[in-house]
Amino acid sequence: MANTSRSKASRWYGFLNAGARSSAVLRDARMDTCNPKTVYLFNLVRSEILEYAREVVEKKLRELKPAESGFITELDAGYRKARRNFKDRGSCIRNIPKRSVTESSEKIEDYDDSEIFMDDTDLLMDA
């Protein structure tokens, strides 16, 4: 049950005012685009998690009004469904297999620097 409360605490429910394409939206702070200029939002009308330009979308977002609280249940259900098949760019960075890290470390440790020679003339500057 603690896991549920943590995930709920990371969610923000709002409304995107975009004319004919306006929609209730959900923002999960745990989802990272790996780009400070963009943000992921679940769009209820499209039933998709979409990447938006932060500079543009933040001006058009507002919190849900008390009369719109019925959207929260729909947003949660739709978000869970969309999240099942969604791969955010942030997950590929965090999920590096341990084997890859180990192989890289072994290559560095096996490196032999005895073959590197430096000539003093490379350090001199022309007068």
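The values are calculated or read from the model by the stated rules, or taken from the named source; none is laboratory data. Note that the structure is a prediction, hence the values are computed from the model and not measured. Here the Cβ is made from the backbone with ideal geometry for all residues, glycine too, and neighbour counts use every protein chain on show. Side chains are part of the model used for accessible areas, which takes the heavy atoms of the whole protein and leaves out ligands, DNA and RNA. Shrake-Rupley method; radii C 1.70, N 1.55, O 1.52, S 1.80 Å.
Within the range 27-46, residues that are among the basic types (Lys, Arg) sit with their Cβ atoms under 7 Å from residues that are surrounded by fewer than 13 Cβ atoms within 10 Å (Cβ to Cβ), at 6+ positions apart or across chains, in these pairs: Arg30/Ser10; Lys37/Ala53; Lys37/Glu55. On the stretch given as the range 16-49, residues that are under 16 Å from Glu63 (Cα atoms) and either polar (S, T, N, Q) or open to solvent by 40 Å² or more (accessible area, probe 1.4 Å) (or both) total 6. Applying the criterion of at least 2 residues that are within 19 Å of Phe86 (Cβ to Cβ) and within 14 Å of the chain's Cα centre (by Cα) to the strands (runs of 3 or more DSSP E) found wholly in the range 6-72 leaves 23-28, 38-43, 48-53.
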